[in-house]
Amino acid sequence: MTAYLDHASTTPLRPEAAAALVAQMSSVGNPSSLHTSGRTARQAVEESREAVAGALGARPAEVVWTSGGTEADNLAVKGLYWARRAEDPRRRRILLSASEHHAVLDPVEWLVRHEDAEVRWVPVDATGRTDLDALRAELAAAPDEVALVSLMWANNEVGTVQPVAAAAELAHAAGVPLHTDAVQAVGHLPVDLAASGADALSLSAHKFGGPVGAGALLLRRGTPLVPLQHGGGQELGARSGTLAAPAARATAAALTASVAGLAEETERLLTLRGVLLDGLRERVPGLVLRGDPTDRLPGNLHVTVPDCAGDSLLYLLDAAGVECSTGSACQAGVPQASHVLLAMGLSDADAGGALRFSLGWSSTRADVDAALAAIGPAVERAQRAAASSRSPRRRKAS
Amino acid sequence: MRVLAAMSGGVDSAVAAARAVDAGHDVVGVHMALNRNPSALRTGSRGCCTIEDSLDARRAADLLGIPFYVWDLSETFVEDVVDDFVAEYAAGRTPNPCVRCNEHVKFAALLDKGIALGFDAVATGHYARVERGEDGRAQLHRAADPLKDQSYVLAVLDADQVEHAMFPLGDAPTKAAVRAEAERRGLPVAAKPDSHDICFIPDGDTRGFLRDKLGEDPGEVVDVDGTVLGRHGGTYGFTVGQRKGLGLDRPAADGRPRYVLSISPVQRTVTVGPVERLAVGALTALDPVWSAPEPRGVVEVHAQVRAHGEPVPAVAELVGEELRVQLRTPLTGVAPGQTVALYDGTRVLGSATISGTRPA
């Protein structure tokens, strides 16, 4: 039996979402068609749009369907930058927290290489929280040159919740729009676009029990945005492409279910997470909880284990039927040292022993118990493996 | 046994892993990431370090139904194989990077990590055999197919490493049979071209690679009397026995081809001469490694100095840390830095790195 503790990577499809997906897929109709079938499909899309907007403090017209979180992030970062620079060519600077996801970092780096953008990194503290004073100083340094601030709602690796509303206030004071990558937060924390002050917010359906390949950008009304995709002019021209009615319905179903049970589910996850953390600490000397101890995603438990490599731990836990993650991106299957942990001030060695357990709606006490049963021997063995790689069997002098 | 199958993405290692599975072992596939900045796509038949290769390895593992991981061994690889390769050429020697990779990466870094993680053996797609002697100890032998035999590049393994090595292709009759087996098993890599040349020099231009690393270091090409025949851009561009690309302006007085006889990086000279001066009758070698019991006194062996070279009868003696080998049949193109592997029949006894040669 496998204990799946990697819900931050993707969480199982909720039954409500599966039912909506299948039902809508069996019905013909392009939502842009004018006949009855088209109108029926459009109705499904619009009801879904209203449900998503209602769950997240947005208006229906502020929901732009996308293929997922990465597209939403790209659309926001590039689209807002291009629009802002077009209005005022001096605005080429992007202020970015050092702990952003690659779906934000890489489009920004692309804009730097190809579109004359300039990036300023806003540091994070030891828990991964962005330094608002540093953000304020960056905005004050050149208020007329900043095009965009991007600050994630909650960190995908260490789970720390960011001060998005405060950052939005600072940005707006300088006339700068703020984008928030809320891919990890939506469905897991109360998220309200209007209350947050964010101008754009990215979400991904499969992180809260919807289907993979579906997401949205919430875009505050009247926020200028240059589209990435051109074509049929759907989504008020912000995102061309045939509207995916099954994806929209399933996304709405999953989000509605997530938000409806959020308070109880949070309590349940916090209890499970507490058992997991206490058990890990008992079994692994030197284990350190990373990220903010309390102000974090309820399902996220990120730890570092001393003197071992995260990929060895992953293998050993996988072999024992426990699935988790190092939390950081892979390049061709090789886990890389986490830029988030490095930004938080960890050494390469400490960052190398990272493990992220993430719980979700289908997690049970049995999953936690399985992880606790496996962790002791896995750590012991991974530490031995790390020690052996430090002292190779022989190295000849030539 | 719990077996770690090193999977390069090629046909041999895929079939080797499949055979280990068939033999009833508990197999996990591992692709070694050896290149810091892998290129996305394989070009031609060279190399085994691209992302495409790791995806091929992953697909083969999927098909075999075994877990698969990518392990980053690039640090060891760069230090012990690539840097060593450059340093050896800079010192006027001729290294074999595949030997070093087996010695330091596949059967050291990978094996050590595997053992520490609870594995009993590393399986690779090398063509060689591990047999058990009467004492129950593992012996390294040549592969059944003499054309594909790779025991030479494994001769650097010590007894403990051979004990933990598994070469499921050792009894394959031919490479064609292995390809046919891959096809039969439905492995998508069945028709993938063989890799050859040096995997970290994807364009095959070793001299250009070394020039980038070592810079221009011009010197003279001389004959055995010291007469200057031409100039070169760096001694690292030459190996003993080389005939082409000497860059000489005029032919030899006798009109016969000239070969590189020796390289002296300190004086920056490359000495050339006629083919008969290439014949080597004896050699010395250092850093001996034995998978068989260390020889005592003078022993009759067969010696091989190249991966696909002919073994020749020889007499070997270990004097302190130096191996002295008298060749009963002279060999040409023997260069310091190369590995000399010693055999007793099909069995590998051990190997050492050639440090000096004496003409026949």
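The values are calculated or read from the model by the stated rules, or taken from the named source; none is laboratory data. The structure displayed is predicted, hence computed values, not measured ones. Reconstructed Cβ throughout: ideal geometry from the backbone, glycine too, with neighbour counts over all protein chains shown.
Results, tabulated for the structure shown:
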read-out	value
In segment B:5-52, the residues that are surrounded by 21 or more Cβ atoms within 10 Å (Cβ to Cβ), within 13 Å of another protein chain (Cβ to nearest Cβ) and modelled with pLDDT of 90 or more	B:Met7, B:Gly9, B:Val27, B:Val28, B:Gly29, B:Val30, B:His31, B:Met32
Pick from segment B:305-322, criterion assigned to a strand (DSSP E or B) and among the hydrophobic types (A, V, I, L, M, F, W, C), ranking: farthest from the chain's Cα centre (by Cα)	B:Val319
Flag for A:Ala351 being surrounded by 20 or more Cβ atoms within 10 Å (Cβ to Cβ), of a type in the set (Gly, Ala, Ser), free of Cβ contacts under 8 Å to residues at least 60 places away in the same chain and within 26 Å of B:Ala108 (Cβ to Cβ)	yes
Elements of type helices (runs of 4 or more DSSP H) in segment B:53-129, at least 1 residues being within 10 Å of another protein chain (Cβ to nearest Cβ) and closer than 22 Å to B:Ala307 by Cα	B:83-90, B:97-101
Boolean, A:Asp125 is surrounded by fewer than 16 Cβ atoms within 10 Å (Cβ to Cβ), in the same structural domain as A:Leu203 (by TED's automatic domain parsing), within 29 Å of A:Arg296 (Cα to Cα) and acidic (Asp, Glu)	yes
Residue satisfying condition, being within 14 Å of chain A (Cβ to nearest Cβ), outside any helix (DSSP H, G or I) and not basic (Lys, Arg), within set B:Leu157, B:Leu140, B:Leu187	B:Leu157
Of residues in segment B:323-352 being in contact with a Leu (Cβ under 8 Å, 6 or more places away or on another chain) and in a loop (DSSP other than H, G, I, E, B), the one farthest from B:Arg258 (Cα to Cα)	B:Val334
Those residues of segment A:126-150 which are over 17 Å from A:Ala83 (Cα atoms) and hydroxyl-bearing (Ser, Thr, Tyr), in sequence order	A:Thr127, A:Thr130
Filter pass, A:Leu262 being hydrophobic (A, V, I, L, M, F, W, C), buried (at least 22 other Cβ atoms within 10 Å of the Cβ) and under 23 Å from the mean Cα position of the chain (by Cα)	no
Segment B:214-236: number of residues that are closer than 18 Å to B:Leu278 by Cβ and outside any strand (DSSP E or B)	4
Residue match in segment A:330-340 (condition: more than 26 Å from the chain's Cα centre (by Cα), at positive phi, of a type outside the set (Val, Ile, Thr) and outside the structural domain of A:Ser99 (by TED's automatic domain parsing))	no
Which listed residue is out of contact with any Cys (no Cβ under 6 Å at 6 or more places or on another chain), among the aliphatic types (A, V, I, L, M) and outside the structural domain of B:Ala16 (by TED's automatic domain parsing), from B:Ala138, B:Ala87, B:Ala121	B:Ala138
Some residue of segment A:333-341 being free of Cβ contacts under 8 Å to residues at least 12 places away in the same chain and out of contact with any helix residue (DSSP H, G or I) (no Cβ under 7 Å at 6 or more places or on another chain)	yes
Any helices (runs of 4 or more DSSP H) falling wholly within segment A:243-337 and containing at least 3 residues that are within 14 Å of chain B (Cβ to nearest Cβ) and small (Gly, Ala, Ser)	A:310-319
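One line per residue, one yes/no per condition, for (1) outside the structural domain of B:Leu342 (by TED's automatic domain parsing); (2) charged (D, E, K, R); (3) under 18 Å from B:Pro359 (Cα atoms):
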residue: B:Cys199; (1), (2), (3): yes, no, no
residue: B:Thr227; (1), (2), (3): yes, no, no
residue: B:Leu248; (1), (2), (3): yes, no, no
residue: B:Val266; (1), (2), (3): yes, no, no
residue: B:Asp287; (1), (2), (3): no, yes, no
residue: B:Trp290; (1), (2), (3): no, no, no
